[in-house]
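A.B. asks: I am attaching a structure below and will ask some questions about it afterwards.
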Amino acid sequence: MEEFYNLIVQYAVFPIAVLCFGVGYTIKHYVPKIPNRFIPVILACVGLVLSVAFNQFNFTFDIVVEGICSGLIATGSFEAIRNLKDKEKNKKE
């Protein structure tokens with residue numbers, strides 16, 4: 001688990017993750033034709049494109065991993081926030 005955490009810390013890019021979070025939120029709530037199961041794949045691709053763009057269109061393995069990790073972190077963050085809200089909602093009832 002510690003190796004996974006170190007990988008995330010090493011390759012996560014916060015601005016890309018925030019932008020991907022916004023894209024994922026928009027897709028989830030305003031584009032109902034896209035099934036939820038495709039959102040992580042879309043965000044990984046968006047993160048990849050943003051990472052390459054943020055790095056002056058250089059294409060290296062590290063930049064690819066940064067983009068994919070940032071997109072998937074956005075997906076995980078959205079799910080974590082949603083689960084916390086649902087847990088608080090169920091606690092109040």
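Every read-out reported here was derived from the displayed coordinates using simple, explicitly stated rules and does not represent laboratory data. Keep in mind it's a predicted model, so treat the numbers as computed, not measured. Quick reminder, even Gly has a Cβ in these numbers, built from the backbone with ideal geometry, and neighbours come from all protein chains shown.
A.B. asks: Which aspartates and glutamates have a Cα lying under 20 Å from the Cα of Lys91, excluding residues fewer than 8 positions away in the same chain?
C.D. replies: Cα-Cα hits under 20 Å: Glu79.
A.B. asks: For the chain, which longest stretch is free of loop sites, where a loop site is one of the chymotrypsin sites (Phe, Trp or Tyr not before Pro) that DSSP puts outside H, G, I, E and B and that has at most 12 other Cβ atoms within 10 Å?
C.D. replies: Numbers: sites that count: Phe57, Phe59.
So the longest stretch without any such site is 1-56.
A.B. asks: Could you work out the relative contact order of the chain? I mean the mean sequence separation of Cα pairs under 8 Å and 6+ apart, divided by the number of residues, in percent. Don't skip to the end; give the middle numbers.
C.D. replies: Numbers: 94 pairs, mean separation 33.2, N = 93.
Over the chain, the number comes to 36 percent.
A.B. asks: Name the residue from Leu43, Leu7, Val64 whose Cα lies farthest towards the positive end of the charge dipole of the chain, charges +1 on Cβ of Lys and Arg and -1 on Cβ of Asp and Glu.
C.D. replies: Leu43
A.B. asks: Between Glu2 and Cys45, take the C-beta separation as r, use R0 = 25 Å, and let me know the FRET efficiency to the nearest 0.05. Can you show the working numbers first?
C.D. replies: On the way: r = 28 Å, r/R0 = 1.14.
Step by step, r from the Cβ atoms, then E = 0.30.
A.B. asks: Only helical DSSP H runs with n ≥ 4 go in: add -39500 (n - 2.57) per run for the chain, normalise by residue count and round the 222 nm mean residue ellipticity to 500 deg cm²/dmol. Could the numbers behind the result be given before it?
C.D. replies: Values: 4 runs with 75 residues, N = 93.
Mean residue ellipticity at 222 nm (helix-derived): -27500 deg cm²/dmol.
A.B. asks: Another question about this same structure. How big is the dipole moment of the chain about its Cα centre under a simple scheme where the beta carbon of each Lys and Arg is +1, that of each Asp and Glu is -1, and everything else is neutral? Debye, nearest 20, please. Present the calculation step by step, with values, prior to reporting the outcome.
C.D. replies: On the way: 9 positive and 8 negative charges, 127 e Å.
For the chain, the charge dipole is close to 620 debye.
A.B. asks: Percent of Cα-Cα pairs per 10 Å bin, from 0 to the last occupied bin, for the chain, please list those.
C.D. replies: 17, 42, 29, 10, 2, 0
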